[in-house]
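A quick write-up on the structure given underneath.
Values quoted throughout were computed directly from the atomic coordinates according to the rules given, and no laboratory measurement underlies them. It should be emphasised that the depicted structure is a prediction, and the values quoted were computed from it without experimental measurement. Quick reminder, even Gly has a Cβ in these numbers, built from the backbone with ideal geometry, and neighbours come from all protein chains shown.
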Amino acid sequence: MSVLIDKFDVFAGGFWLTLQICVLAAIGALILGAVVAVLRISPVPPLRAVGTAYVNVFRNMPLTVVMFFAAFGLPALGSNADFLRVPVLDSLFSRLGTDLPYFRFALIALVLYTAAFVCEALRSGVNAVPPGQAEAARSLGLTFGQNLRHVVLPQSWKASVVPLGSVIIAMIKNSALIGFFGVVGDLSQTADQLTSAEGYAFIPVAIGISIGYLIMTVPLGALLDRLEKRQAVAR
Amino acid sequence: MATGEPLIVLDKVNKWFGPLHVLDDVSLSVGKGEVVVVIGPSGSGKSTLCRTINRLEPINHGTITFDGRPLPAEGRALAKLRSEVGMVFQSFNLFAHKTILENVTLGPVKVRKEKPAAARERGLALLDRVGIANQADKYPAQLSGGQQQRAAIARALAMQPKAMLFDEPTSALDPEMVGEVLDVMTSLASEGMTMVVVTHEMGFARHAANRVIFMADGQLVEDAPPTEFFANPRSERARDFLSKILTH
């Protein structure tokens, strides 16, 4: 088990990189997922069709395949995903701005894939609001956007929190794939590095990276439980 | 209670739910200031009829005109029309996450862009009018059914509507709370509000309605003043319906 102490800096570096991509992907997926959810419940049929098509594609494709498309498809189209080199963000998240584009490709794949699940979690919350609420809002003359903002979403949040949390936790675990698509130095790829290249025993290393993931996921789960309890009291 | 020019006009309205013909060639005209009570057995299409007037239920054929203009398609114009037609539901549908006063002021502030202070003042006056001013800061779940329904009426009135639609407003209430809601509705009717009321309250139909509409199987079977309808229904279907509900 000495590897945990000897190579602590390697584990810590892997943890930091995984945390970075997860924070960015979570923000991206929440925003994109919210947009797709609004499309899916919109009263305009073509917008609904776009939202539904999005969810059908990205929810039903393996993440590995989405990663392949991002890592090989984007370069084939001549893109290095340079639009993600956002000036202030890339000083905080250093890999965003590097010349090697694989961190950005992996981020795009994680966001696209996770957004489909975020959309469905948000939508299940919206569906949990009794239809009479939206109907009363419509009969007062509220527009679709006002209805969402003032009546439906404030009430749907309560039912969305738990499934949304599960989606983000799943996303953190899914991020373990990025090491296979050119991203060097995340938590999972660290295991590969330490065992195959440096010859450490596998089990202690696996325990080390497990602890790394649990440090991210367990507190998130606990936070969600607290949020859920607080919302329950507020009713 | 003058029955002046028509405010709500339905012309040969047809609607299907799948194979079910819920509205079968319904034509109806409601004048300004008129109180029309719609009665009939359950499943006769009376609630659907009420909900088509502000297009909560779209129709398949025919035309509906409100205040001289045909109902617009979904969008801003329809939202504006809905703001001029108050609606009261069987299940109240008060916004569960807002206080009673917030329920009443949401429409005026967000739809009519009134100043919050002015909307608040008028909201309190309306709550006072329906007798629940002391409940203004409570949440809907803390009120009795009768109080909730009166709050819902105040919420609709806050938009200063040209007409009010009531979709079985007392059907979900305990019997002892029916009276307080009907009192509010009766006073509205006597003040000249145009009202379409779907109800099973025959007492209300008798003393507050200008006309009674009897519906069965999606068709408008009778349209008569209440005294005439209750004393002397013309159709067999209406006679049958009345004999069933009035013998107990």
Starting at the first residue of segment B:161-173, write each ³J(HN,Hα) from the Karplus equation 6.51 cos²θ - 1.76 cosθ + 1.60 with θ = phi - 60°, in whole Hz, x for Gly and Pro. x, 7, 8, 10, 10, 10, 9, 6, x, 10, 5, 9, 9
Extending each Cα 7 Å along its Cβ direction at residue A:230 and residue B:190, get the distance between those two points in nm, one decimal. 5.1
Using each residue's phi in segment A:49-65, evaluate 6.51 cos²θ - 1.76 cosθ + 1.60 at θ = phi - 60° and report the 3J(HN,Hα) Karplus result to the nearest Hz, with x for Gly and Pro. 5, 4, x, 5, 4, 4, 5, 4, 5, 7, 7, 9, 9, x, 4, 4, 5
For chain A, report the translational diffusion coefficient in µm²/s to the nearest whole number, using Stokes-Einstein at 20 °C, 1.002 mPa s, and a Kirkwood Rh over Cα pairs. 110
Student exercise, chain A dipole from Lys, Arg, Asp, Glu Cβ charges, in Debye to nearest 20: 1040
Top mean-square fluctuation among B:96, B:209, B:79, Gaussian network model of chain B, C-alpha springs under 10 Å? B:96
Antiparallel content of DSSP bridges confined to the protein assembly as shown, in %, to 5: 55
Solution diffusion estimate, µm²/s, Stokes-Einstein, chain B, Kirkwood Rh from C-alpha pairs, 25 °C, viscosity 0.890 mPa s: 132
Name the residues whose placed amide hydrogens come within less than 5 Å of the amide hydrogen of residue B:223, ignoring near sequence neighbours (fewer than 5 apart) on the same chain. B:214
If we count other beta carbons within 10 Å of each Cβ, what is the order of B:99, B:227, A:114, fewest first? B:227, B:99, A:114
Can you put B:202, B:193, B:164, B:87 in order of Cβ neighbours within 10 angstrom, beginning with the fewest? B:202, B:193, B:164, B:87
Taking placed amide H atoms and a strict 5 Å upper bound, the residues 5 or more places from residue A:185 or on another chain that come that close are A:190
Check which residues have an amide H placed less than 5 Å from residue B:166's amide H, if you skip close sequence neighbours. B:88, B:196, B:197, B:198
Pop out the ³J(HN,Hα) list for segment A:189-199 in order, Karplus 6.51 cos²θ - 1.76 cosθ + 1.60 with θ = phi - 60°, rounded to Hz; leave Gly and Pro as x. 5, 4, 4, 4, 4, 6, 7, 7, 7, 9, x
Charges on Cβ only, +1 for Lys and Arg, -1 for Asp and Glu, centred on the Cα centroid of chain B; of B:95, B:181, B:203, which one is farthest towards the dipole's positive end? B:95
Counted neighbours (other Cβ, 10 Å), sorted fewest up, put B:195, A:61 in the order A:61, B:195
Starting from 0 in steps of 20 Å, tell me what percent of the Cα-Cα pairs of the protein assembly as shown lands in each bin. 20, 40, 24, 14, 2
